[in-house]
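Just below is one structure, and these are the notes that go with it.
The values are calculated or read from the model by the stated rules, or taken from the named source; none is laboratory data. Note that the structure is predicted; figures quoted are calculated from it, not measured. Cβ sites come from the backbone with ideal geometry, for glycine too, and all protein chains shown count toward neighbours.
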Amino acid sequence: MHSISRVGIILLGISLLSLNAAAFTTPKGYAKLPVSYSPVPKLKVRVEQQKNAVIAKLPNGKTQLLGEMPDVPEGSQEIDGLLLQDDFNFDGLGDVAVLDGVGYGGVNLFYRLYLWDKAAGTFQEFKETISNPTLTKETKTLSTGQRSGPRWYTTDYRFRNNKPYVYSESAMVGSEGDLYFAKLYNSAGKILKKVVAETQDPSSIDGKTPAAVRKIVVAKAPLYDKPDADSKTRMYLIKGDKPTLLDYRENEDGSEWFLIRFNGKKRVEKWVEWSAFEAEESAPKGTH
């Protein structure tokens, strides 16, 4: 039986593991404190608990507060990853992440990340709390993911001159678990690309990822000028049509809309409600 520290990572990355087991790694986890390790050769750091505080004993003899012990929900399984240790920012130094909280029945594990500063001989706290982290050394990517309701949301960080920036943000969309709407950014925070991608591994999405193509499964799917029911046009697609998904919008009422492109007698770019892709209808097949 898997402990809860692995559940989110397994769910998030199972498809990628089946394709390429070496594509990402999970940081080494420790279930209990104290933990000793070397951020650089010949230097030792000891992370321990003092009352409710997490303390790092540094090589220079000083101590550094790494926050408080997490509030773990009663009844949770033993957490293998109370502390994670790895090179989270790919600078060749050893960093640590301390469990900050547990959510969604143990699927979401949130961490405070502390990056080792070799010059200062101390830790520098990462700007954001991270969740269920994995590392891809080939692209120097720190991936985080968390579940809310039936969906996964991910943020990938990359590093420029050892400084982090958000490389991508993605959200599971639709209801079948294989579509993600992702935004890719450069190091200055400018959006480079938005894409609806067919994948079960959102961290695989990059600038070359093609837009997903989805089959219409209802007899007649109305097209809309805007992502709302009040902008219905006279145009529609029919069962079996395969439009390309260009953009995504979720409204306050929970309805999901996709901007599609379809090349029929002429190229059309309109909005379609998600139900056109997920529910079979018994109505007779229409025409364009």
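What the table shows:
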| item | result |
| --- | --- |
| Residue ID - modelled with the lowest pLDDT, chosen from residues in region 243-288 that are acidic (Asp, Glu) and under 24 Å from Lys194 (Cα atoms) | Glu278 |
| Test set (1) assigned to a loop (DSSP other than H, G, I, E, B); (2) crowded, with 18+ Cβ neighbours inside 10 Å - Asp91 fails condition number | (2) |
| Qualifying position, being within 17 Å of the chain's Cα centre (by Cα), under 27 Å from Tyr153 (Cα atoms) and of a type in the set (Ser, Thr, Tyr), among Ser204, Ser255 | Ser204 |
| Meets criteria (surrounded by fewer than 19 Cβ atoms within 10 Å (Cβ to Cβ) and in a loop (DSSP other than H, G, I, E, B)) for Glu128 | yes |
| From Thr144, Thr154, residue being touching a residue at least 60 places away in the same chain (Cβ under 8 Å), closer than 30 Å to Gly29 by Cα, hydroxyl-bearing (Ser, Thr, Tyr) and in a strand (DSSP E or B) | Thr154 |
| Conditions (1) surrounded by fewer than 16 Cβ atoms within 10 Å (Cβ to Cβ); (2) closer than 30 Å to Val173 by Cα; (3) of a type in the set (D, E, K, R): number failed by Glu68 | (2) |
| Boolean, Pro39 is more than 21 Å from the chain's Cα centre (by Cα), modelled with pLDDT of 95 or more and in a loop (DSSP other than H, G, I, E, B) | yes |
| Conditions (1) within 20 Å of the chain's Cα centre (by Cα); (2) modelled with pLDDT of 95 or more; number of the one not met by Ser18 | (2) |
| Of the criteria (1) modelled with pLDDT of 95 or more; (2) within 19 Å of Ala120 (Cβ to Cβ), which one Asn60 fails | (1) |
| Some residue of region 107-121 being in the same structural domain as Tyr165 (by TED's automatic domain parsing), part of a loop (DSSP other than H, G, I, E, B), surrounded by fewer than 14 Cβ atoms within 10 Å (Cβ to Cβ) and touching a Gly at 6+ places or on another chain (Cβ under 8 Å) | no |
| Residue identified as assigned by TED's automatic domain parsing to the domain that holds Leu115, modelled with pLDDT of 95 or more and within 21 Å of Phe277 (Cα to Cα) among Tyr180, Tyr167 | Tyr180 |
| Boolean, Ser175 is among the polar types (S, T, N, Q), in contact with a helix residue (DSSP H, G or I) (Cβ under 6 Å, 6 or more places away or on another chain), outside any loop (DSSP other than H, G, I, E, B) and closer than 23 Å to Ser275 by Cα | no |
